[in-house]
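The values are calculated or read from the model by the stated rules, or taken from the named source; none is laboratory data. Keep in mind that this is a model prediction, so the values were computed, not measured. Because the Cβ atoms are built from the backbone with ideal geometry, glycine has one as well, and the counts that use them run over all protein chains shown. Remember, those area values only see protein heavy atoms, side chains included, never the ligands or the DNA or RNA. Shrake-Rupley method; radii C 1.70, N 1.55, O 1.52, S 1.80 Å.
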2 protein chains.
Amino acid sequence: MRIGELARLSGLTPSRIRFYERIGLLKTVDRQSNGYRTYPQQAVMILGLVTTAQRAGFTLDEVRTLLPSDLTHWDHATLMDALTRKIADIEALQARLAQSRVHLLRLIEDIQARPNDMDCAANAHRVLTNMLAEHPKALDVTSDDIRLLDATDRRQSVSPARRKKTVSR
Amino acid sequence: MRIGELARLSGLTPSRIRFYERIGLLKTVDRQSNGYRTYPQQAVMILGLVTTAQRAGFTLDEVRTLLPSDLTHWDHATLMDALTRKIADIEALQARLAQSRVHLLRLIEDIQARPNDMDCAANAHRVLTNMLAEHPKALDVTSDDIRLLDATDRRQSVSPARRKKTVSR
DNA sequence: GCTAACGTTGAACATAAGTTCAATGTCAAG
DNA sequence: CTTGACATTGAACTTATGTTCAACGTTAGC
């Protein structure tokens with residue numbers, strides 16, 4: 001199977017498959033005499049595995065260290081450990097999101113709770129002061145956890161035409 | 001107040017404050033005759049507001065469009081709308097995280113549920129097949145929502161010395 | 001033999017939110 | 001008058017995950 005067919009079967013783009021090979025996530029693949037890559041059937045499953053892991057919040061780096069060269073020969077202990085830690089990461093994130101959510105809800109309430117005898121400017125000042133006062137120094141979550149959100153989103157990138165123009169830097 | 005003091009009072013770095021000015025988040029500031037920036041007391045509150053909004057999941061772009069030039073004169077309707085939508089975003093993310101979490105829990109269970117008469121290789125195949133079979137085409141969340149996780153994390157960047165070496169590209 | 005579709009490569013670009021650096025200027029204290 | 005702390009600027013760099021492009025080679029069908 002050549003890269004185009006693998007792309008169709010896996011739902012990934014050829015460039016993405018080549019990219020995975022380039023960063024060492026996929027081991028170097030066989031070539032035809034013309035230089036074309038040739039993949040075994042199994043490659044579809046490997047790619048499916050990678051995207052599934054990504055959706056679950058694993059980085060490509062993590063996938064690379066977990067993925068064995070032989071799909072039937074996993075490092076059971078390491079894998080279980082990684083899965084368990086990823087669940088803990090998710091739970092930490094859930095806590096942070098819950099915090100943000102109540103924070104915003106309280107803010108909305110606070111804005112609407114303007115005393116009748118207070119003008120908008122004074123209310124703005126009151127709300128701001130309240131807001132900046134509650135500053136619980138934020139829950140700390142490791143930066144690895146950011147990836148949990150990237151999964152499905154970065155994937156369908158915006159076409160160049162409707163990209164926001166960047167600030168001159 | 002010069003930039004160093006503002007940095008101390010706000011907890012941000014001077015480079016970050018200059019960066020905010022550069023992207024138009026902070027309006028151009030007064031200068032002393034030597035070219036040094038001079039900030040009013042209010043600047044501390046503005047910066048506090050920006051970081052608070054970031055922690056709540058707003059991008060700098062969003063903050064820029066919401067932040068009025070006069071802190072006492074907010075666009076009430078637009079602000080409320082943005083807050084409400086941000087809460088909805090958070091809830092969508094919570095749903096996605098909950099999904100990922102049960103997905104991982106089920107995977108762990110499935111791995112451990114190896115029938116006694118099945119060898120590891122066959123079990124690996126069974127688990128993989130199960131996993132790739134449940135492919136609910138993922139919840140769709142807008143890419144804006146990624147930012148919700150970035151907030152507190154990207155901030156404390158790793159020192160150059162212990163940075164992971166990048167793959168040659 | 002031409003054309004379209006596919007393949008190859010390396011390099012550059014994109015995002016978001018900054019940091020880091022080099023070259024240079026200013027200022028207060030000793 | 002020198003030293004150290006602070007300020008200025010523009011440019012380049014960072015992370016992670018790819019996409020896009022240009023220049024070129026291969027192959028199948030007509």
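Criterion first (more than 14 Å from DNA strand D (Cβ to nearest atom) and either assigned to a helix (DSSP H, G or I) or not acidic (Asp, Glu) (or both)) does residue B:89 satisfy it? Answer is yes for this residue. Applying the criterion of being hydroxyl-bearing (Ser, Thr, Tyr) and within 14 Å of DNA strand D (Cβ to nearest atom) to the residues of the range B:25-62, the residue that is nearest to residue B:10 (Cα to Cα) is B:39.
Cβ separations smaller than 8 Å between residues 6+ apart or across chains give the following pairs from the range A:12-38 residues that are away from every other protein chain (no Cβ under 14 Å) to residues that are assigned to a loop (DSSP other than H, G, I, E, B) and within 7 Å of DNA strand D (Cβ to nearest atom): A:38/A:32. Only one entry in A:50, A:102 is farther than 16 Å from residue B:131 by Cα, within 12 Å of another protein chain (Cβ to nearest Cβ), of a type in the set (A, V, I, L, M) and assigned to a helix (DSSP H, G or I), namely A:102.
Among residues of the range A:115-128 being open to solvent by 60 Å² or more (accessible area, probe 1.4 Å) and within 14 Å of residue B:72 (Cα to Cα), the one that is modelled with the lowest pLDDT is A:120. Can you tell me which residues in the range A:78-110 are over 17 Å from the mean Cα position of the chain (by Cα) and over 23 Å from residue B:92 (Cβ atoms)? Hits for the range A:78-110 are A:78, A:79, A:80, A:81, A:84, A:110.
For residue A:74, the conditions (1) buried (at least 19 other Cβ atoms within 10 Å of the Cβ); (2) touching a residue at least 12 places away in the same chain (Cβ under 8 Å); (3) not hydroxyl-bearing (Ser, Thr, Tyr) are fulfilled apart from (2).
Of the residues screened, residue B:65 is one that is β-branched (Val, Ile, Thr), assigned to a helix (DSSP H, G or I) and more than 12 Å from DNA strand D (Cβ to nearest atom).
Taken over the range B:10-44, the criterion of being in a helix (DSSP H, G or I), open to solvent by 50 Å² or more (accessible area, probe 1.4 Å) and closer than 21 Å to residue A:126 by Cβ is satisfied by B:42 alone. Residue B:108 falls short on exactly one of the conditions (1) part of a helix (DSSP H, G or I); (2) facing chain A (nearest Cβ under 10 Å); (3) touching a residue at least 40 places away in the same chain (Cβ under 8 Å), and that condition is (3).
In this structure, is residue A:4 at positive phi and surrounded by fewer than 18 Cβ atoms within 10 Å (Cβ to Cβ)? Spelling it out, it is not the case that residue A:4 is at positive phi and surrounded by fewer than 18 Cβ atoms within 10 Å (Cβ to Cβ).
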